[in-house]
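This report refers to the structure that appears directly beneath it.
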2 protein chains.
Amino acid sequence: MKTTSIVRLALGCLLGTLVLNSAAAAPPPNIIIIFADDLGYGDLGCYGHPSIRTPNLDRMAAEGMRLTDFYVAATVCTPSRAALLTGRLPIRTGMAGSATRRVLYGVSTGGLPTNEITIATALKSKNYVTGCIGKWHLGHQPQFLPTSHGFDSYFGLLWSNDMEPDKDFKLPKGASMDLDPDPRRWKPSLFRNDRVIEQPTDQSTLTKRYTEEATKFIRENRNKPFFLYFPHTFPHVPLFASKDFKDKSPRGLYGDTVEELDWSVGQVLDTLRKEKLEENTLVFFTSDNGPWLIKELAGGSAGLLREGKGSTWEGGMREPAIAWWPKKIKAGVVSQELASSMDLFKTCLNLAGVPLPADRVMDGVDLAPILFQNGKSQRDVTFYYRGNELFAVRKGDFKAHFQTAPGYAGRRVQEKLEKHDPPLLFNLKQDTSENFDIAAKHPEVLAEIERAVETHRANLVPAEPQY
Amino acid sequence: MKTTSIVRLALGCLLGTLVLNSAAAAPPPNIIIIFADDLGYGDLGCYGHPSIRTPNLDRMAAEGMRLTDFYVAATVCTPSRAALLTGRLPIRTGMAGSATRRVLYGVSTGGLPTNEITIATALKSKNYVTGCIGKWHLGHQPQFLPTSHGFDSYFGLLWSNDMEPDKDFKLPKGASMDLDPDPRRWKPSLFRNDRVIEQPTDQSTLTKRYTEEATKFIRENRNKPFFLYFPHTFPHVPLFASKDFKDKSPRGLYGDTVEELDWSVGQVLDTLRKEKLEENTLVFFTSDNGPWLIKELAGGSAGLLREGKGSTWEGGMREPAIAWWPKKIKAGVVSQELASSMDLFKTCLNLAGVPLPADRVMDGVDLAPILFQNGKSQRDVTFYYRGNELFAVRKGDFKAHFQTAPGYAGRRVQEKLEKHDPPLLFNLKQDTSENFDIAAKHPEVLAEIERAVETHRANLVPAEPQY
């Protein structure tokens, strides 16, 4: 070996060490999860909506990654949120709901059990500052509040925005509470931490105020690692938008609220840029379930997907999903890999260097190979639960429906609650709209899916339902 | 006035003159129209398709303008092409078809009348080199050929690719000619100018060969103004893709052909860049009509739109449309303005400095305000003809259906041929999927649309049907 080679080798080792050290010394990244309420798969410009204008989310997708096959773990609000925060199927945490009660109501006394570990709780072990801004819907007894589940601070509505109605309010004859909502009809309570600070809450400024809280949280914690969980109240019905957005969208009132949500996302990203945090922050945007089609023009669109909220057809559980982290996530990539909101738990913990809980079954995988290497999903199966019943399973590109539920199709075609034996089978890559049953042609796929269900069930201990 | 001001004024005038002179001296732009066959509104990534990969068209949209409300003038092939090339409704040119024959067939003796003026004919008056590469479908008698309608050269199939079947071919039992087409079943003739050069034509290499012809045409005419009309044969059924694309798309065979089409668009744009023609060339991409839903997995998707090919519901006539002209069209703009394939005639003639024909009714407006200033459409109304019958009218955001036609819905819901009195009325910005009839709420809108129909009819002289 020549002297120059030795020098080069030594230099290489030195540089390698420096790089390693600098990696080890890098602060753990900030994480922001923005969660829309009842936003449909087809409601964003970058997912093909023709009249809702979402330049900020479109830009977020152009600068980051747009996922086409991203699922939530439930067809409605409460269980979907429980799954995102715990990385576990709602049936394991008691949050799946039942045939009679599918989400938490004001009269519910249950909530996300105190022995469940949220992303916030886990990240506290690495000294993250944790904030929750927006709709909680995981219990309102003191032990179930955000501040009891790992969040240092909370600002928002504990329930859906239609859940504290004024029972004395008389609906004027012929009035549409969906398309022309009278603010006097609802009396939602706005919480800061565990205290009500406004009642009734002015919903028209809610997105704006959430956004101010979020950008303030980012600015105040710019020198610490932080986790911000930002579940919006809209576009859940009743729809309210601030003066700057009301009557502005060609799509009407529903569009107004989505366009304000889009503005809000832009404010968050702009704040990260201004604070020079964009290269150390993962931002993930998605929605809790599909569009509330029964609300007609006040509900969203699932695009080419069949059905919406409440259904285990694709429209109920496949969501728009955008991941953003300049320089770490390649710009403008579209990933068709199978992914789930439950994967965010493992992804966040791994990013923060927190070990996974070893004492419970987890349902998520790490999204890092997809997000940072545009690689393959580590997930092969996703389960479609409706309440505490398994309705369908996707394995690879195939989805089998064991049951399909009543719901509300955009075309006013009422689906029936039906059991399917043999199950219906669709290839979701070739037939994303689930039009053409191919069960008869692929008994081997059905057999494989049935084996996956057996494995799943063998490993499943349903928890005591909380509501 | 001070001396310096006078000097400035003189200088200003001089510069103004120079700018004017340089504008006058600029060569007229090249124009390329790429026309897909049966591609649906929802079939491109940038229009929200989850499993068809169209990076080149997505990039074209990101560098140019994507239109959300772009219509063709007919629900099927022949009349749609006639309208694009002449800027006139097919009912005025004899190309609307009839109840029994909706497109030209091999037995047809008619074609686009020789007294009609195509974009190619018009641009010849300014010494444009004009080429047509792909599917013609406007008549196969000598007087109706592309070379008789203003095109210097032609390369392609005169009909749809399913129109020269081998009548002796025995379909194997259980075989699917849509999803597993046997090339021996069809014997299409490939033309160069007015001569058959291959029969039967190898369809699997057709997109590739069209593309080679197109890029050669661009390179050979790089120093002249040129007009290239590039109507593809696919994704019309039967579907064939070349070795590089066959079995590659997650969407299956249909996706293979769309992904090869996408590649072809990329080749055209790359050639323009290589030849440094991109700043003097308008490229416009769209499709002739909606997806052929009856072909099931071998047909495309209209996304959130109702119905497809053959129907006057939005899915039949609203198309993906992308305009590209670096520096002249602002990058990444989405326009919701109302536009039509018939507007390309006036747009092209104005760009080339050719006066409009004064002896006939024209149905197009100039798209320049939309394309180059992101401004308002000059079009307020669009008509939905099915054959020679007016089925529906859009005025502003509203669409009235006087009749709706049998067709084939993605959900296997068969529509009926129905007359509607009062008409159905939809607000297409708020209810793009045409789910919620609001006729009862808006009699004034219906009255306005009915007046527009009266004006239209007063001005309409249907031509002798050509087929």
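Residues of the stretch B:111-125 that are surrounded by fewer than 19 Cβ atoms within 10 Å (Cβ to Cβ) and under 16 Å from B:Ala74 (Cβ atoms): none at all.
So, A:Arg101, is that one charged (D, E, K, R) and either modelled with pLDDT of 95 or more or touching a Leu at 6+ places or on another chain (Cβ under 6 Å) (or both) or not? For A:Arg101, the condition - charged (D, E, K, R) and either modelled with pLDDT of 95 or more or touching a Leu at 6+ places or on another chain (Cβ under 6 Å) (or both) - is not met.
Among the candidates A:Val103, A:Val129, the residue that is in contact with a Lys or Arg (Cβ under 6 Å, 6 or more places away or on another chain) and either open to solvent by 40 Å² or more (accessible area, probe 1.4 Å) or not basic (Lys, Arg) (or both) is uniquely A:Val129. Quick one: count up the residues across the stretch A:80-100 that are among the β-branched types (Val, Ile, Thr) and surrounded by fewer than 19 Cβ atoms within 10 Å (Cβ to Cβ). Residues flagged as among the β-branched types (Val, Ile, Thr) and surrounded by fewer than 19 Cβ atoms within 10 Å (Cβ to Cβ) within the stretch A:80-100 amount to 1. Being open to solvent by 50 Å² or more (accessible area, probe 1.4 Å) and within 17 Å of the chain's Cα centre (by Cα): is that true of B:Lys376 here? So B:Lys376 does not fit the description; no.
No other residue among B:Thr114, B:Thr109, B:Thr100, B:Thr78 is assigned to a loop (DSSP other than H, G, I, E, B), under 20 Å from B:Glu389 (Cα atoms) and not basic (Lys, Arg) apart from B:Thr100.
Hey, any hits in the stretch A:239-260 for a residue that's hydroxyl-bearing (Ser, Thr, Tyr), within 14 Å of chain B (Cβ to nearest Cβ) and touching a His at 6+ places or on another chain (Cβ under 7 Å)? Within the stretch A:239-260, not a single residue is hydroxyl-bearing (Ser, Thr, Tyr), within 14 Å of chain B (Cβ to nearest Cβ) and touching a His at 6+ places or on another chain (Cβ under 7 Å).
Here is a yes/no grid of residues against (1) of a type outside the set (Phe, Trp, Tyr); (2) at positive phi; (3) touching a strand residue (DSSP E or B) at 6+ places or on another chain (Cβ under 6 Å); (4) modelled with pLDDT of 95 or more:
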| position | (1), (2), (3), (4) |
| --- | --- |
| A:Leu123 | yes, no, yes, yes |
| A:Asn127 | yes, yes, no, yes |
| A:Leu138 | yes, no, no, yes |
| A:Pro146 | yes, no, yes, yes |
| A:His149 | yes, no, no, yes |
| A:Asp152 | yes, no, yes, yes |
| A:Asp162 | yes, no, no, no |
| A:Lys170 | yes, no, no, no |
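When restricted to residues that are touching a residue at least 60 places away in the same chain (Cβ under 8 Å) and among the basic types (Lys, Arg), the stretch A:238-288 contains 1.
A quick yes/no check of all residues on (1) modelled with pLDDT of 95 or more; (2) more than 14 Å from chain A (Cβ to nearest Cβ); (3) closer than 29 Å to B:Gly353 by Cβ:
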residue: B:Ile33; (1), (2), (3): yes, yes, yes
residue: B:Asp37; (1), (2), (3): yes, yes, no
residue: B:Asn56; (1), (2), (3): yes, no, no
residue: B:Ala61; (1), (2), (3): yes, no, yes
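With respect to the conditions (1) part of a loop (DSSP other than H, G, I, E, B); (2) closer than 27 Å to B:Thr271 by Cβ, B:Pro50 falls short on a single one, namely (2). The one condition from (1) open to solvent by less than 10 Å² (accessible area, probe 1.4 Å); (2) within 14 Å of chain A (Cβ to nearest Cβ); (3) over 24 Å from B:Ala122 (Cβ atoms) that B:Tyr384 does not meet is (2).
Count of the stretch B:168-209 residues, restricted to those that are over 14 Å from B:Pro238 (Cα atoms), surrounded by 12 or more Cβ atoms within 10 Å (Cβ to Cβ) and among the polar types (S, T, N, Q), is 2.
The values are calculated or read from the model by the stated rules, or taken from the named source; none is laboratory data. Source: prediction; values computed, not measured. Neighbour counts run over all protein chains shown; Cβ positions are idealised from the backbone, glycine included. Surface accessibility is based on the protein's heavy atoms, side chains included, excluding ligands, DNA and RNA. Shrake-Rupley method; radii C 1.70, N 1.55, O 1.52, S 1.80 Å.
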